[in-house]
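The values are calculated or read from the model by the stated rules, or taken from the named source; none is laboratory data. Please read all numbers here as calculations on a predicted model, not as lab measurements. Quick reminder, even Gly has a Cβ in these numbers, built from the backbone with ideal geometry, and neighbours come from all protein chains shown. SASA here: full protein model, heavy atoms, side chains in, ligands and nucleic acids out. Shrake-Rupley method; radii C 1.70, N 1.55, O 1.52, S 1.80 Å.
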Amino acid sequence: LCDKKYYNYLNVKMLASKQMRTLLRVQLRQRSTSYALSSSRCFSAMPEVAPADPRFGSGPCKKRPGYSIGEALKDSALGRSHRSKLGKDKLKLAIEESKRILKLPEGYELGIVPGSDTGAFEMAMWSVLGAKPIDAFHWESFGKGWVSDILAQLKLQDSATIHEAGYGEIPDLTKARKDADIVFTWNGTTSGVRVPNADWIADDRTGLTLCDATSAVFAMDMPWEKLDITTYSWQKVLGGEGAHGILILSPRAIERLESYSPSWPMPKVFRLTKGGKLIKGIFQGATINTPSMIAVEDYLDALKWADQMGGVEGLIKTSEANLNIVRQWVEETPWASFLAKEPATISPTSICLSIDGLEGDQLKTMTKLLEEQNVAVDIGSYRDAPAGLRIWGGATVENSDMKKLMPWLTWAYNEAKSA
């Protein structure tokens, strides 16, 4: 008990009257419950051990464990042209290593493009959409943004069917038509909801699948045979730097690019073909515009680390372990729950939590307390998402740090609630 004055309530045996004992027990339960709720600080001492690294934000994400900028960039091509042999070799190595570690099927192409994942996905949509009907699925802010561009920018209202769900939910994916181009995100970074599998994508489809997988690649099993155009950025799962995107094309996507010309003008940074043929150089290290050689070298360092972790399988194992740590804490914490409604759709990277019992300002107090203690930074929910927490669980976050974070969440909650 937090207050010694309630100790006397326990000594009910001293009361001769059975009726009085019963009445006093009822009063004790009522007052103890009220006192516990109003004095939660008494029940939550500040944890003694903090995470070694407080960076649990969902992008840009934490660098790999043991990262040293001097070590990572020691062999870089700084100050050299990206068109020099050294520059081209670095870019080509980044492409080849990405394909190898991701185990892309034969015939798939991977290129480095401008504008991070956003640029890569916009490039894909502007280049191939309009040839077939469209099934666009969205359940969080970034997927909603792709839908907005399909309707407002590309003006494809007449051919697009929109499948929508709210935060925490996912649309009925079985409505995807095999003769339509399918636009979707693999993992909703702002909602913590991922597609459970790719069984809903037809093997004999005649349309293309366009998948924004920026917070999924290197952290989830990607069924490449189901994915025709896939995009991601270096700044998510591998903890790389921003500004550059990755565009992955299947042979079917290449065939569309070489046989279809959209009716709208194509900006230079979106052009993937010339004279009706794929510009092969983009997928061999000859980038469309000038890349950051610092970012390229940093990405090469991240790929080397990914390889040492056991490749994609090792990275997935670490990320799933982080999710299981949070899941166990949620099961033990009555006021916390996953934003994702279905267990199979809970993301192991952008782990989004609903927090009961705290209002908006109290949630801000909770995250502020964690930042002030240098325990966790950048873990507030995305601005368009329901109020709560968003904790990055990608493989650059060590399992030991995730374990250490959990009691701090409980402490910060109790402090914010009683403030």
Can you tell me how much longer the chain between D89 and R252 gets when fully stretched, taken as 0.36 nm per residue apart minus their C-alpha distance, in nm with one decimal? 55.9 nm
Residues of the stretch 105-172: accessible area per residue with a 1.4 Å probe, Å²: 37
Normalised by the number of residues in the stretch 307-375, what is the relative contact order in percent for Cα pairs under 8 Å and 6+ residues apart? 25
If the only charges are +1 at each Lys and Arg Cβ and -1 at each Asp and Glu Cβ, what is the size of the charge dipole of the chain around the Cα centre, to the nearest 20 debye? 980
³J(HN,Hα) computed for each position of the stretch 297-310 - Karplus, 6.51 cos²θ - 1.76 cosθ + 1.60, integer Hz, glycine/proline x: 5, 4, 5, 4, 4, 5, 5, 4, 5, 4, 4, 5, 7, x
Please work out the FRET efficiency for the pair S148 and K280, using the Cβ-Cβ distance as r and a Förster radius of 41 Å; give the result to the nearest 0.05. 0.80
Considering only the chain, what is the antiparallel percent among its DSSP beta bridges, to the nearest 5? 60
Mind checking the dipole of the stretch 289-419: about its Cα centre, +1 per Lys or Arg Cβ, -1 per Asp or Glu Cβ, Debye to the nearest 20? 220
Round to the nearest 0.05 the FRET efficiency obtained for E332 and N197 when R0 = 41 Å and r is the Cβ-Cβ distance. 0.90
Positive minus negative residues near T190 (Lys, Arg vs Asp, Glu; Cβ under 11 Å): +1
Using a 1.4 Å probe on the protein heavy atoms, what percent of the accessible area of the stretch 64-163 belongs to carbon and sulfur? 51
Per-residue ³J(HN,Hα) for the stretch 48-55, Karplus 6.51 cos²θ - 1.76 cosθ + 1.60, θ = phi - 60°, Hz, x for Gly and Pro: 8, 10, 9, x, 5, 9, x, 7
In Å², what does the accessible area per residue of the stretch 305-353 work out to with a 1.4 Å probe? 42
Charges only on Cβ, +1 for Lys and Arg, -1 for Asp and Glu: so what's the dipole of the stretch 141-298 about the Cα centre, in debye to the nearest 20? 520
Using 0.36 nm per residue of separation minus the Cα-Cα distance, give me the extension gain between E225 and E164 in nm, one decimal. 19.4 nm
Quantify, in whole percent, the carbon and sulfur part of the accessible surface of the stretch 240-351 (1.4 Å probe; protein heavy atoms only). 54
Which angle from 0 to 90°, rounded to the nearest 10, does the C-alpha axis of helix 116-128 make with the longest principal axis of the chain? 50
Checked the stretch 173-269 with the C-alpha gyration tensor, a ≥ b ≥ c its square-rooted eigenvalues, rounded below a/c of 1.5, otherwise prolate if a/b is larger than b/c and oblate if not; verdict oblate
Extending each Cα 7 Å along its Cβ direction at S418 and A321, get the distance between those two points in nm, one decimal. 3.4
Just want the answer: with Cβ charges of +1 for Lys and Arg and -1 for Asp and Glu, which residue in G394, G115, L363 is farthest toward the dipole's positive end in the chain? L363
Straight-line reach from K277: which aspartates and glutamates fall under 17 Å, measuring Cα to Cα and dropping same-chain residues less than 8 apart? E109, E255, E258
Let me check something: with ligands and nucleic acids excluded, how do S259, S159 order by accessible area (1.4 Å probe), largest to smallest? S259, S159
Residue separation between Q157 and L78 times 0.36 nm, minus their alpha-carbon distance, gives in nm 23.9 nm
